[in-house]
1. If you take the residues in segment 27-48 that are surrounded by fewer than 18 Cβ atoms within 10 Å (Cβ to Cβ), in contact with a strand residue (DSSP E or B) (Cβ under 6 Å, 6 or more places away or on another chain) and aliphatic (A, V, I, L, M), which one is farthest from Ile82 (Cα to Cα)?
2. Looking at His187, is it without any contact (Cβ under 8 Å) to a residue 40 or more places away in the chain, buried (at least 19 other Cβ atoms within 10 Å of the Cβ) and touching a strand residue (DSSP E or B) at 6+ places or on another chain (Cβ under 7 Å)?
3. If you go through segment 72-113, how many residues are surrounded by 20 or more Cβ atoms within 10 Å (Cβ to Cβ) and not in a strand (DSSP E or B)?
4. Would you be able to tell me the number of residues in segment 242-256 that are surrounded by fewer than 17 Cβ atoms within 10 Å (Cβ to Cβ) and either of a type outside the set (Ser, Thr, Tyr) or not in a helix (DSSP H, G or I) (or both)?
5. Restricting attention to segment 237-254, does a residue exist that is under 16 Å from Leu12 (Cβ atoms), in the same structural domain as Ile191 (by TED's automatic domain parsing) and in contact with a helix residue (DSSP H, G or I) (Cβ under 7 Å, 6 or more places away or on another chain)?
6. Among the residues of segment 218-232, write down those that are in a helix (DSSP H, G or I) and surrounded by fewer than 19 Cβ atoms within 10 Å (Cβ to Cβ).
7. Take the residues in segment 10-40 that are charged (D, E, K, R) and touching a Gly at 6+ places or on another chain (Cβ under 8 Å), then tell me which one is nearest to Leu124 (Cα to Cα).
8. Pairs only if they're at least six apart or on different chains, beta carbon under 7 angstrom, first in segment 139-156 and in contact (Cβ under 8 Å) with a residue 60 or more places away in the chain, second basic (Lys, Arg) and in a loop (DSSP other than H, G, I, E, B); list them, first residue then second.
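The values are calculated or read from the model by the stated rules, or taken from the named source; none is laboratory data. As the structure is a computational prediction, the values presented were derived from the model and not from experiment. Glycine gets a Cβ as well: all are built from the backbone with ideal geometry, and neighbour counts include every protein chain shown.
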Amino acid sequence: MFKIVADSSCDLTSLAHLSSDLQFGRAPLRILVGDTEYVDEAGLDTRAMMDAVYAFKGKTGSACPSPEEYADHCRSADETYIVTISSNLSGSYNSAVLARDLVLAESPEKKIRVFDSLSAGPELSLIVEEIARLASSGLPFEMVCAEVERYMQRTALLFQLNSLENLTKNGRVSKMAGMTAKLLGIHMIGIASDVGTVQPLHKCRGTEKTYRLVLQEMRERGFTGGRVILGHAFQEKGADMMKSMILEEFPSARITVMPLSGLCCYYAEEGGLLVGFERG
């Protein structure tokens, strides 16, 4: 019996759209607003959470899952595949590794693999779906892991953000980049870098122009019409516009639009759009 586990930077809350038989667990991160803790689990009211973030004048932030939260998932399966947000953005990966070592010390016969996505949001969702496809096909654990590593080499994440405030306050991007975006009232286009950091690429004005530049970046990074997941922060209209632009040029693209999880909403902020896609 196998189980797939992802932290809540993955916007999927279940894998029922693939199969009702798949075991899927989430390790929730937490968004901290003063003395209030928002657990990023299914059912979280992200609108209310973000309203509280914007109203609060003090420091806000996020906290990763504990090793024990991951360990509980690992104990319930013979084979466990764990996918986390980039280790350069959160301690979630380290927690998962500690959990793996703890559970393997208890039960050496178990098989546990922790994948550092070097990304977040929709790209994690692509990886999770691929693990589900491969593991369900009956491949041995080691072969699934090897195929997933290869798959991760041809996925990418682009993002369009209207604000970098929460990223800046929590040290995910430079203060200079955050200040520039705030002062000029511009859209920031960026990518999850090869080492899993937030890498700004362009500054742009105008929603349609910005989305066309995102599409250009997808094309230049090898997108040819495969799988795409668009995650939005209260911007379904913009996500639908982006979807239409992609399909206009790549009619065979398989695109899913979904709202971002609590963690990704917190960092993408109002109007943010994250684009996970397959290359080649």
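1. Leu32
2. When the stated conditions are applied, His187 passes them.
3. Here the count works out to 13.
4. 7
5. no
6. Arg219, Glu220, listed by residue number.
7. By that ranking, first place goes to Asp11.
8. If the second residue must be basic (Lys, Arg) and in a loop (DSSP other than H, G, I, E, B), the pairs left are Arg154/Arg279; Thr155/Arg279; Ala156/Arg221; Ala156/Arg279.
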